[in-house]
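Below is one structure, written out as C-alpha cells; the observations come after it.
Just so it is clear, none of the values below were taken in a lab; they were calculated from the coordinates. Computed from a prediction, not measured in an experiment: that's the story for all the values here. Cβ placement follows ideal geometry from the backbone for every residue including glycine, while neighbour counts extend to all protein chains displayed.
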Amino acid sequence: MRGETHHAEPTLIDFDCPGCGAKGVEGRLTEQEDRLNLLYVVTVLKLINTYVECSECRAVFTSKARAAEIVGLSPSEIGARLAPPTDFIGCAMAVLALLTCWAPIVGLVMALIALLLTFRAGGWPKIVSIVSLSLTGVAHVFFLFIAVTHR
Ligand SMILES: [Zn+2]
C-alpha cells in the first residue's frame, strides 16, 4: 500500500472568509488528489480534496464542491461552501480506529465515529477511517465465522 498526493496549481479567488470574517478577501484555491495505491499500480481509493487558504488569516478551509465549480461563484457563495478542515480530534479518532480495528464492536464503533468526524474535511484522516472501517468489517466477518463454528 502506498499513498500518493497530486497538487494542482493554486487559483486565486475572491471569497468571504468564514474564519476571520473578511469579505471578498483573496484566497488560494487548491485541488489535491489523494490516491491509495496497492502494489504501486492499482488505485484502491481516490479522494479529491479542494482547499481554500485565506490571505488574511491564513486559515485553510475545505470545500465539498470541486474547484471547477467554485471558480466564477460570488465571494459569499464560495464562503457558504467552505468548512473548517478536520480538527485534531478527527485525526486522533482515525488513528485510534486503525489501532482498534481488530477489536470486536469497539473497532466498528471507533471506525464509524472516525468516518463521521473526517467525512466532510477529507484528506488522509478520511482515507485512514475508510481503511479502518474496511478492516474492521473483515474482522467482524471473521468473528462471526468463529462464533458460528465454535458453538
Ligand atoms: Zn480569513
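Please determine, by comparing only the residues of the stretch 3-23 that are in contact with a strand residue (DSSP E or B) (Cβ under 7 Å, 6 or more places away or on another chain) and more than 15 Å from the ligand (Cβ to nearest atom), which one is farthest from Leu39 (Cα to Cα).
Thr11
Does at least one position in the stretch 24-32 carry a residue that is among the hydroxyl-bearing types (Ser, Thr, Tyr), within 16 Å of the ligand (Cβ to nearest atom) and within 26 Å of Ile130 (Cα to Cα)?
Here is the first cut: in the stretch 24-32, the residues among the hydroxyl-bearing types (Ser, Thr, Tyr) are 30.
Still in the running and within 16 Å of the ligand (Cβ to nearest atom): 30.
Cutting the leftovers down to within 26 Å of Ile130 (Cα to Cα) gives us 30.
Yes, because at least one residue in the stretch 24-32 is among the hydroxyl-bearing types (Ser, Thr, Tyr), within 16 Å of the ligand (Cβ to nearest atom) and within 26 Å of Ile130 (Cα to Cα).
Exactly one condition in (1) within 10 Å of the ligand (Cβ to nearest atom); (2) within 17 Å of the chain's Cα centre (by Cα) is not met by Ala67; state its number.
Result: Ala67 fails condition (1) only.
Being under 15 Å from Val131 (Cα atoms) and in contact (Cβ under 8 Å) with a residue 12 or more places away in the chain is the filter here, so list the residues in the stretch 87-99 that pass it.
Gly90, Cys91, Met93, Ala94, Val95, Leu96, Ala97, Leu98, listed by residue number.
Do we find a residue being aliphatic (A, V, I, L, M) and outside any helix (DSSP H, G or I) anywhere in the stretch 98-116? Give the steps one after another, and end with the answer.
Going through the stretch 98-116, the residues aliphatic (A, V, I, L, M) turn out to be 98-99, 103, 105-106, 108-116.
Checking which are outside any helix (DSSP H, G or I) leaves us with 103, 105.
Yes, because at least one residue in the stretch 98-116 is aliphatic (A, V, I, L, M) and outside any helix (DSSP H, G or I).
What's the number of the condition Leu115 fails, among (1) in contact with a Leu (Cβ under 7 Å, 6 or more places away or on another chain); (2) surrounded by 22 or more Cβ atoms within 10 Å (Cβ to Cβ)?
(2)
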